[in-house]
Amino acid sequence: MSFPGRIVGFVASTDLDVSRMFYVDVLGLELTERTDFALLLDGGGAPLRVTLVQHKAETGYTVLGWAVDDIDASVAHLEARGIEFTRYRGLGQDDNGVWPAPDGTRVAWFRDPHGNVLSLFQPR
C-alpha cells in the first residue's frame, strides 16, 4: 500500500513579501495562492509552501533542492539573476561553486533571503 497523499515542501519565512520577490521574481516559481500565513508556489510539479514564522531557526543544512539536467547552465542562470552560491572551505568545489560528490552527483548551494540553504544537484 502506498502512502495516501503527495509530498509538499515547506520553507520558513519571516517576511512573505521578501520571500515572494525571491521565489517568484528571482527564481521564477509560479505563485498559486497567497494567504496571511503562507505563499503556495508551484515548485516544478510539487507544491512548495513558504510559511510565515515569527522566528526562523538556523538549520545549516539543505532544506530544499532542485534536480537539474545541466548544473553549470543552471548556476550561470541564477548568478545572472543575482544569486550568490555558497562556498564551503575544504569541500573541493569548482570555480562555479559546484561540488563533485563521490558518487558522481554534482551539487551547488545558495541561500534564500531568510538564510534557508537551497541547492541544485545534477544526478550522475
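Here, each number is a calculation from the coordinates, and none is a lab measurement. Computed from a prediction, not measured in an experiment: that's the story for all the values here. No Cβ is skipped: glycine too gets one built from the backbone with ideal geometry, and neighbour counts run over all protein chains shown.
Considering the chain as a Gaussian network with a 10 Å cut-off on Cα pairs, which listed residue, 106, 20, 81, attains the greatest mean-square fluctuation?
Evaluated over the chain, the most mobile residue of the options is 81.
Amide H to amide H, which residues 5 or more places from residue 27 or on other chains are under 5 Å from it, using H placed in the peptide plane?
For residue 27, no residues qualify.
Please report the antiparallel percentage of DSSP beta bridges with both residues in the chain, rounded to the nearest 5.
That works out to approximately 65 percent antiparallel.
Rounded to whole Å and sorted largest first, list the principal axis extents of the Cα atoms in the stretch 1-53.
41, 23, 15
May I ask you to work out the translational diffusion coefficient for the chain at 10 °C, viscosity 1.306 mPa s, via Stokes-Einstein with Rh from the Kirkwood sum over Cα pairs, reported in whole µm²/s?
Once the numbers are plugged in, D ends up at 103 µm²/s.
Connecting C-alpha atoms closer than 10 Å in a GNM of the chain, tell me which of 50, 24, 11 has the biggest fluctuation.
Comparing 50, 24, 11 in a Gaussian network model of the chain, the most mobile one is 24.
Considering only DSSP beta bridges with both partners in the stretch 1-64, what is the antiparallel share in %, to the nearest 5?
65
For the chain, calculate the relative contact order in percent as a whole number, restricting contacts to Cα pairs under 8 Å that are 6 or more residues apart.
Value for the chain: 25 percent.
In degrees between 0 and 90, to the nearest 10, how far off the longest principal axis of the chain does helix 71-80 point, with axes built from Cα atoms?
Tilt relative to the chain: about 60 degrees.
Can you put 59, 105 in order of Cβ neighbours within 10 angstrom, beginning with the fewest?
59, 105
In the stretch 1-80, which GluC sites (Glu not before Pro) are in a loop and have at most 15 other Cβ atoms within 10 Å, using DSSP for the loop call?
Passing both the DSSP loop test and the Cβ count: 58.
Please report the antiparallel percentage of DSSP beta bridges with both residues in the stretch 62-124, rounded to the nearest 5.
Expressed as a percentage, antiparallel bridges in the stretch 62-124 total about 65.
How about the stretch 2-86: which chymotrypsin sites (Phe, Trp or Tyr not before Pro) there lie in a loop by DSSP and see at most 13 other Cβ atoms within 10 Å?
Sites meeting the loop and neighbour criteria: 37, 61.
Taking the number of other C-beta atoms within 10 Å as the exposure measure, put 39, 48 in order starting with the fewest.
If I rank by nearby Cβ atoms, fewest first, I get 48, 39.
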